[in-house]
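**Student:** Have a look at the structure that comes next, please.
The values are calculated or read from the model by the stated rules, or taken from the named source; none is laboratory data. Just so you know, these numbers come straight off a predicted model, no measurement behind them. Quick reminder, even Gly has a Cβ in these numbers, built from the backbone with ideal geometry, and neighbours come from all protein chains shown.
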């Protein structure tokens, strides 16, 4: 939406007042990353997002991308915006200085990515994919591969993608058929077709580096036989310069429900030269470096959409005059702004609770990534990685599912105008719909959380996080309101433990119990996790008011939104718990013939 404004004040609140980022950075050796520097970076990022990206969001949706004989032209202004992005030094913020980056914390570069996505989801897809490509080469590439590809990726001169999906297999990567045959020079000949490749072809850069999953000739079946390859669109010489064209072609682009300014491509590899990255047949393990970056990024997209929907709906609700207030806010007016009506407040507060609660959860996860990357204490790193393992699927799935509700309310607050394209809300709803689908659907994230992370660790990953929650609840200095919220949270933590034990016991004798419980279990986990952060935000806000802050409305807004979340949104978790306990029989006892409608 063109009236989008990057939420700098709330970002500052979460980072510095709630999570103590100054001490966090100092403890990791980022002593020169001061609060003033961070504010300056956020300010410049906000200028770029609000003044460059937001104005071309709606036109980008209307124009879409154009495909012609393998080339893709992005909407007007997109390429020029990308050049400003490069000139601003944004691509390499958190990457090592030896490859041309600025060596700043992951959390700093990722936080401002929210602004870009909130302003223009489609445009933000392009540089977002490059970040995962860079992280994968950094983590698993050889020294030669790093020297050949990283400098121009980090500078933004080249872009990157990941190529997983094939037409016959979506998330079931064990079925993929893309082949990799060895060449005499140590490279590989990659053949096959990948679909749904975001930013797979565009006019931003003169080279695109694809990270591709494929099978070696002697590879075992299933996921254990997948290897990972670097396959550039343009071949690259040993000194890192563009050479001749590789056998990589964009066969077509998809015509989609949303994010029309983002090119979603069919990519054909016809004996393209590629380079093995990591160990043979261990490609899926390496790809998870990319996937985890992408999943956190997708969760941020959901949170950014909730923020954008709130901003649009709030502005409209303050301006739109309809009906008299039941409590006669203005007895002389024929009608009042719709923000006075309780049901409109319900929708706005839901958006606010999800956007700001999601920001706290996301920043906390970014903080854990910082620790995992820069902390010298192995025990601290292990704890951070354990927290991330549990929270990443929650972050990705819960923030994108709640974004569907937030953008739905964005349309709803506008009424009939929300259904009309010129207001921008229907575009936001369409663009956001993809977030709960790519990088692993909600169902897949839920199976990962419940099956691999919780039950797979025998409850250890959950135990670590719940101990954090319990320790905070025991130590907090709470007033009467916060004491009630705390006691409610403690109750839900116990329910979380009981629910986990219940599912574990039933899944041990019937594997279908796991799949039938997974999504409701994740949503339960999401509501309780967000309650933990809303409790912290309420206490932080109260302390600021007690210390005499003049930002009374801002901090009271935090306290009241926390009360709203605990009273009206957290009880949804109880319904999800009941659905979990309904068991698999309510799903699996229905024969396929019973689905017929004729």
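**Student:** Among the residues of the stretch 501-516, are any closer than 25 Å to residue 365 by Cα, in contact with a helix residue (DSSP H, G or I) (Cβ under 8 Å, 6 or more places away or on another chain) and in contact (Cβ under 8 Å) with a residue 24 or more places away in the chain? Spell out how you get there, then give the answer.
**Tutor:** Keep residues of the stretch 501-516 that are closer than 25 Å to residue 365 by Cα, which gives none.
No, the stretch 501-516 contains no residue that is closer than 25 Å to residue 365 by Cα, in contact with a helix residue (DSSP H, G or I) (Cβ under 8 Å, 6 or more places away or on another chain) and in contact (Cβ under 8 Å) with a residue 24 or more places away in the chain.
**Student:** A follow-up question, please. If we scan the stretch 164-173, do we find a residue that is buried (at least 21 other Cβ atoms within 10 Å of the Cβ) and over 27 Å from residue 101 (Cβ atoms)?
**Tutor:** No, the stretch 164-173 contains no residue that is buried (at least 21 other Cβ atoms within 10 Å of the Cβ) and over 27 Å from residue 101 (Cβ atoms).
**Student:** For the stretch 400-505, list the helices (runs of 4 or more DSSP H) that sit wholly inside it and hold at least 3 residues that are over 16 Å from the mean Cα position of the chain (by Cα); which are they? Write out each step before concluding.
**Tutor:** Values: elements: 425-432, 442-447, 460-475.
Fully inside the stretch 400-505 and qualifying: 425-432, 460-475.
**Student:** Oh, and also: Could you tell me which residue of the stretch 60-91 is surrounded by the most Cβ atoms within 10 Å (Cβ to Cβ), considering only residues that are over 24 Å from residue 197 (Cβ atoms) and out of contact with any helix residue (DSSP H, G or I) (no Cβ under 7 Å at 6 or more places or on another chain)?
**Tutor:** Residues of the stretch 60-91 over 24 Å from residue 197 (Cβ atoms): 84, 87-89.
Adding the requirement that they be out of contact with any helix residue (DSSP H, G or I) (no Cβ under 7 Å at 6 or more places or on another chain) leaves 87, 89.
On the way: 87: 9, 89: 15.
In this case the residue turns out to be 89.
**Student:** I'd like the full set of residues that are in contact (Cβ under 8 Å) with a residue 60 or more places away in the chain and in a loop (DSSP other than H, G, I, E, B), limited to the stretch 557-581.
**Tutor:** 570
**Student:** Determine if the stretch 195-208 includes at least one residue that is under 22 Å from residue 281 (Cβ atoms), in contact (Cβ under 8 Å) with a residue 24 or more places away in the chain, out of contact with any helix residue (DSSP H, G or I) (no Cβ under 8 Å at 6 or more places or on another chain) and part of a strand (DSSP E or B).
**Tutor:** In the first step, residues of the stretch 195-208 are kept if they are under 22 Å from residue 281 (Cβ atoms); the result is none.
Scanning the stretch 195-208, I find no residue that is under 22 Å from residue 281 (Cβ atoms), in contact (Cβ under 8 Å) with a residue 24 or more places away in the chain, out of contact with any helix residue (DSSP H, G or I) (no Cβ under 8 Å at 6 or more places or on another chain) and part of a strand (DSSP E or B), so the answer is no.
**Student:** Let me confirm something: among 94, 109, 117, which residue is crowded, with 21+ Cβ neighbours inside 10 Å, within 16 Å of residue 29 (Cβ to Cβ) and outside the structural domain of residue 208 (by TED's automatic domain parsing)?
**Tutor:** Working: 109 fails: within 16 Å of residue 29 (Cβ to Cβ); 117 fails: within 16 Å of residue 29 (Cβ to Cβ).
Exactly one residue qualifies, and that residue is 94.
**Student:** Same structure again: So residue 552 ticks every box in (1) over 20 Å from residue 10 (Cα atoms); (2) assigned by TED's automatic domain parsing to the domain that holds residue 498 but one. Which box is left unticked?
**Tutor:** Condition not satisfied by residue 552: (1).
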